[in-house]
Amino acid sequence: MPNIKSAKKRVKSNAKKAVNNTTYSLKTAIKNVEKAIKTGNKEVAKENLKTAIKRIDKAKKVGLVKENKAAREKSRLTKKTNNME
């Protein structure tokens with residue numbers, strides 16, 4: 001256990017961040033969409049896109065991700081899935 005006050009605060013904030021990261025798991029959702037795009041499976045990509053957008057919106061609502069980053073990620077993923085052949 002840390003002795004310094006700032007280190008104690010850091011332990012608390014790290015615990016909160018860990019909970020948020022596991023709860024919303026944005027990176028996993030985004031990776032799933034990109035993986036489906038790479039394999040060329042459009043149906044799976046669209047399903048994964050829906051879940052990714054939901055997770056991005058929830059993370060934005062909580063404040064885990066800023067508004068512009070959320071919009072940018074959603075836009076990029078949507079463009080990629082729509083441009084699939």
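A short reminder: the numbers here are calculations on the coordinates, not readings from a lab. Remember, it's a predicted structure, so these values are computed and weren't measured experimentally. All Cβ positions, even for glycine, are placed from backbone atoms using ideal geometry, and neighbour counts span all protein chains on display.
Residues of region 31-44 that are surrounded by fewer than 19 Cβ atoms within 10 Å (Cβ to Cβ) and of a type in the set (A, V, I, L, M, F, W, C): V44 alone.
For (1) of a type in the set (A, V, I, L, M, F, W, C); (2) out of contact with any helix residue (DSSP H, G or I) (no Cβ under 7 Å at 6 or more places or on another chain), each residue gets a yes or a no:
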| residue | (1), (2) |
| --- | --- |
| M1 | yes, yes |
| K16 | no, yes |
| Y24 | no, no |
| V33 | yes, no |
| N41 | no, yes |
| V44 | yes, no |
| I56 | yes, no |
| E85 | no, yes |
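The set of residues in region 41-64 being more than 12 Å from I30 (Cα to Cα) and touching a Leu at 6+ places or on another chain (Cβ under 7 Å) consists of A59 alone. Among the conditions (1) exposed (fewer than 13 other Cβ atoms within 10 Å of the Cβ); (2) of a type outside the set (S, T, N, Q); (3) in a helix (DSSP H, G or I), the only one that K74 does not satisfy is (1). Out of all the residues in region 4-58, which are in a helix (DSSP H, G or I), farther than 22 Å from R72 by Cβ and touching a residue at least 12 places away in the same chain (Cβ under 8 Å)? Listed by number, the list holds a single entry, K42.
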